[in-house]
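Every number in this text was worked out from the coordinates using simple rules, so none of it is lab data. None of the values given here were measured: they were computed from a predicted structure. All Cβ positions, even for glycine, are placed from backbone atoms using ideal geometry, and neighbour counts span all protein chains on display.
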Amino acid sequence: QAQKRSQKEQDGSEIRSVELERLTAEGQTLLERRDCLEFFRDQAAEQFERHTRTAWRPRSGSMVNHRALTASLIDSRDFIAAKRQVQIAPLLPTGPKIAFTGGMECNDHILIWDKLDKVHAKHPDMVLLHGGSPKGAE
């Protein structure tokens, strides 16, 4: 966050530039420290397995290696997921989904409409799912 703030505050002066360089180096150091601790953890897990012949599992969390997971990668994933959600949202109407099927031979439209009217009375914001067949009650 400090790096982002410093990037926005850049005015071309050497003082601001040096401050941004310091923050960038500090961030890089933190990443290297995390990678080092993950390496120690992985090595300890291998030694544990070698001595006990059982795999080590953390008490909580996961053994995911975050070496390639950066803030920009997380932001990019979030952006792509949000973009996908915006594209899909119009295709997924809100409300309870009601599936209806009666087979290709079902053609009692009075019974079909009666049942659909009863369901619609119970769920006025329903979304009707159907197979789209030109024949029958699909």
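Going through Ile112, Ile88, Ile98 one at a time, which residue ends up being aliphatic (A, V, I, L, M) and loosely packed, with under 11 Cβ neighbours inside 10 Å?
The match here is Ile88.
If you check Met104 against the conditions, is it in contact with a His (Cβ under 9 Å, 6 or more places away or on another chain), over 30 Å from Glu32 (Cα atoms) and not basic (Lys, Arg)?
On the way: in contact with a His (Cβ under 9 Å, 6 or more places away or on another chain): no; over 30 Å from Glu32 (Cα atoms): yes; not basic (Lys, Arg): yes.
Criteria not met by Met104.
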| request: Tell me which residues, restricted to the stretch 1-27, are part of a helix (DSSP H, G or I) and of a type in the set (Gly, Ala, Ser). | output: Ala2, Ser6, Ser17, Ala25, Gly27
| request: Go through the stretch 96-138 and give me each residue that's assigned to a strand (DSSP E or B) and of a type outside the set (D, E, K, R). | output: Ile98, Ala99, Val127, Leu128, Leu129
